[in-house]
């Protein structure tokens, strides 16, 4: 099983690596690059929300901070991009550390709303500061090489994926965060330090997001408070992760790909029905929550797990209602 | 500048009154159903447009249309509640998140529908009351009170008092309070959780829709207006302590004061920054709201 | 038989392939990037109406006459969703997939700033019919032009008109909403007021969408003669309602874009009366042209017939962007598809262009802070009188005297 996963991963990665060599279609590469970005954002959001159960509704703040860090360093301090990009991750991580200390003491809805308030406050700060250009935003020197951004984005997102995979699925860290999700005081009784682990997860979620923000700034060449610190980044990352399936590595990836493709297709080829897009996307999200509370990936693996369990005789009585649930249990 | 102090206080109360109306139903719904409704702004928007079209059709003053708007949307909310219930009571997943995402999707859909049906332009609902204002003067001090805003404040307070009595003095209220304290025990005592939640959701949607009409009289309405009011609604409910109804007016007035004082005495650019910073700090210091009585 | 069918199918597929059809085209491919959805959809859809009207009217006449043949135009829409990143994607798609000859541009300055570098890369000319922020022109994009002059070019005019009133306003409170366009508007108002000796008692940038009633209460104490506000449609409506509610009537109330929008008059009714605004075009400006519409009134009539809403200067500016391309193409006599050399020549032609349109004189600046923005037309001061937009300044363009001071709200 593990072998097959590695094979899958290697072949997908090599196809993605070869892609820019066989095509020069800049639009196609741009779309894929943006898809990578959303995959990264959805994964990074899920690493906190899905694994620790803390719903960050101000996730976009790290994206915006990353974007502004890179932009300010490049435009005001004349750093070059290779230095300004990692700095975006570092600053996002530091902000996560200091914001996380007090905020992560909150639970459930309170945490969600506090992070959201924080992101709104940061957006207002960017609007009134001089160094961010206020509402006018900032322009970066255009370096419009589609293949460069494709490769870099692919590299960042793959590295993020591997890091998350190692920490969450292979290292003991993954077990620790899950323990916190299930029972925080129980985890404490086992000698774990929940505060420390939660902050680690928070930083883990913030750093890649900040780097992606820095990438975005240089790639799009223009940022302003509305575009990088607005609700869009958070909203879309959350929807993608939930649609795909929380608390898994593949769920957010699948959610990001499907939602992004749907959005892009609609945008590129059905532009006349743009308003319908909101209605359909809204309906899709609402329906998926009602009928697939585990997300697409969760439902799918649950279903497959159930089938396998039945075949191996580990489960009986396949009542339509209970099938997925039983499958889930056996699978675990 | 001291001259303006009475005005700043009065303006704070008047703005606060509007926030009471958009937050009180939300707080009630959270107390009973534990749902954070991202679509609250869109219910407000839909209600506002119903009021707008009814006003054109009947030529009645929007204040007389309020009961009608309430009934229409209370019925919609009542009928709709079982779907939300299903989302929130799922055994799997994170019900809080599911509720948030579900209502977020709902909000998107409503906004799309609003844009399709009502178009992009802003509108205003004319009311006979919006033409006048009281002017009070005593020595050096003076205060202007717009009649329409005053009417809004009176309306907000009457809704609050009505809800208060409904909760404290009726059997329905008893059931609601029981549900918000302990769901399982309330069920054992014979409270029909499903039915009561449906009523509560209906009342919440109805009140939000009515506030939309009020907003249309005082400000303006458009299909994209929802987001802003969702923001303020969240603010008030959290500051009050989620689900703690009696805290709502105070939190709403506080929000009103923050805005009026920043606009009058400090740098207006920082108004919204102050609003969100206060919300964040209050949450950190006292997560259960200013009175530490949230659920 | 079956094989034959497949062969035919493949053949038709190939011949229908747009890449192969590239050589034989009797129409121009025109990309349109604008915000059809998102926060700025209102304005974006106004520009769409302008672009559509130009294309439909032109095609109804057979198209652009070049030498002895007429070439129609075909619009390819790409929605920027009011997001700079989506604007950039849109530009890339139009450039690589649709292979457009030229582009009619975005609504807002943010999207324009993200779109322009992409089009520079593909060397595709763009004219935007509405972006008014001065930021764009400071960047000196070679391939980007605009038909609406930037707000720092137009903003001074209404203040100048007001300064000639009797008695002239002596004090002013100026505020702007916290977005790029509104802030620039407020700054333009402020500079002009200070130059003309009007004392600015208070100048503030306020968060977008904020209820300004308390602020206005403070303003009421200062009793300024003039209140000037830079903002968007909804904010303008709310501000007038605010002033009405606290019953404060300054001698003059000045706003910018949005006063000419039908929603402004419709929502405010009597309270919209006598509000001043800045504009570059109304249906009653003096402009004679031999391109598509003989004058502004004819354009207004055509727009009203097509969309059932009165045309404003954004829509007119968008149609004019099409006219500019049309005139420049005729001048260089280029036929579709435009080669890179053609497009280069097109830029040169646009820079030299000086034409009379229903919108007024069109002439793009070749240098300076207005680089590639239209500086041919005269900015106007307008006022709402009897539910209509009326030009009240500068003197040579005025069709009616300015009504000043503002009639108190209570006496309407």
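Here, each number is a calculation from the coordinates, and none is a lab measurement. In this text the structure is predicted, and so the values were computed from the model without any measurement. In this analysis, Cβ positions are derived from the backbone assuming ideal geometry, glycine residues included, and neighbour counts consider all displayed protein chains.
Numbers below:
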| read-out | value |
| --- | --- |
| Separation of alpha-carbon centers, the stretch A:52-131 and the stretch B:1-78, rounded to whole Å | 34 Å |
| Whole-percent pair-distance distribution, where bins are 5 Å wide, for the alpha carbons of the stretch A:251-313 | 4, 16, 18, 20, 14, 12, 7, 5, 3, 2, 0 |
| Chain A: relative contact order in percent, alpha carbon pairs under 8 Å with at least 6 residues between | 27 percent |
| Residue B:128 versus residue C:221: modelled label distance in nm, points set 7 Å from Cα along the beta carbon direction | 3.5 nm |
| Debye intensity ratio in log₁₀ form over the Cα atoms of the protein assembly as shown, taken at each q of 0.04, 0.05 Å⁻¹ | -0.21, -0.32 |
| Average beta carbon contacts from partner chains per residue of A:124-130, 10 Å cutoff | 5 |
| Cα-based equivalent ellipsoid of the stretch C:236-303: semi-axis lengths in Å, sorted from largest, via gyration tensor | 31, 12, 8 |
| Cα radius of gyration and Dmax for the stretch C:242-386 (Å) | 18.5, 62 |
| Relative contact order for the stretch B:2-285, counting Cα pairs under 8 Å that sit 6 or more residues apart, in percent | 42 percent |
| Convex hull of the stretch A:1-53 built on C-alpha atoms - directionally averaged projected area, nm² | 4.7 nm² |
| Residue mean of other protein chain beta carbons inside 10 Å, C:240-248 | 6 |
| Using a Förster distance of 30 Å, the FRET efficiency for residue A:90-residue A:145 (Cβ separation, nearest 0.05) | 0.75 |
| Counting all C-alpha pairs of chain B, share separated by more than 36 Å (%) | 15 percent |
| For the stretch A:155-310, the Rg and Dmax computed from alpha carbons only, in angstrom | 18.3, 59 |
| Peptides ranked, highest mean first, by Cβ atoms within 10 Å: ranges A:112-119, B:220-227 | A:112-119, B:220-227 |
| Between the stretch C:317-370 and the stretch C:284-313, the Cα center-to-center distance that results, in Å | 20 Å |
| Sorted largest first, extent of the stretch B:4-112 alpha carbons per principal axis (Å) | 53, 41, 25 |
| Whole-number D in µm²/s for the stretch A:1-115 (Stokes-Einstein; Kirkwood sum over Cα pairs; 25 °C, 0.890 mPa s) | 144 µm²/s |
| Segment residue B:281-residue B:181, length gained on full extension (0.36 nm per residue, minus Cα span) | 33.3 nm |
| Cα Rg, Dmax, the stretch A:145-213, angstrom units | 15.4, 53 |
| Packing rank of B:128-136, B:203-211, where each peptide gets the mean count of other beta carbons within 10 Å, highest leading | B:203-211, B:128-136 |
| Between helix C:213-222 and chain C: long-axis angle, C-alpha atoms, 0 to 90°, nearest 10 | 50 degrees |
| Translational D in µm²/s for the stretch B:186-281 (Stokes-Einstein at 37 °C, 0.692 mPa s, Kirkwood Rh from C-alpha pairs) | 210 µm²/s |
| Extension reserve of the residue C:170-residue C:396 stretch, reckoned as 0.36 nm per residue once the Cα distance is removed | 78.9 nm |
| Distance in nm between pseudo-label sites at residue B:117 and residue B:189 (7 Å out along the Cβ direction from Cα) | 4.0 nm |
| Kirkwood-based shape ratio for the stretch B:34-179, expressed as Rg/Rh from alpha carbons | 1.06 |
| Distance (nanometres) between label positions extended 7 Å along Cα→Cβ at residue B:171 and residue C:308 | 5.2 nm |
| Degrees between helix C:313-332 axis and first principal axis of chain C (Cα, 0 to 90, nearest 10) | 40 degrees |
| Cubic angstrom per residue, convex hull over Cα atoms of chain C | 147 Å³ |
| Alpha carbon convex hull of the stretch A:2-230, volume per residue in cubic angstrom | 121 Å³ |
| Over the stretch A:216-267: Kirkwood hydrodynamic radius from C-alpha pairwise inverse distances, Å | 12.1 Å |
| GNM top mover of A:306, A:109, A:268 - chain A, alpha-carbon springs below 10 Å | A:268 |
| For the stretch C:263-346, the fraction of alpha-carbon pairs in successive 10 Å shells from zero, as % | 14, 36, 27, 16, 6, 1 |
| Sites residue B:57 and residue A:14 - FRET efficiency at Förster radius 51 Å, r taken between beta-carbons, to 0.05 | 0.20 |
| Förster radius 30 Å - calculated FRET efficiency between residue A:290 and residue B:291 (Cβ-Cβ, nearest 0.05) | 0.25 |
| In degrees, nearest ten, helix A:2-22 long axis to first principal axis of chain A (Cα) | 30 degrees |
| CD proxy at 222 nm, helix term only [per DSSP H run n ≥ 4: -39500 (n - 2.57); per residue of the protein assembly as shown; nearest 500] | -20500 deg cm²/dmol |
| Number of partner chain Cβ atoms within 10 Å, mean per residue of B:223-235 | 3 |
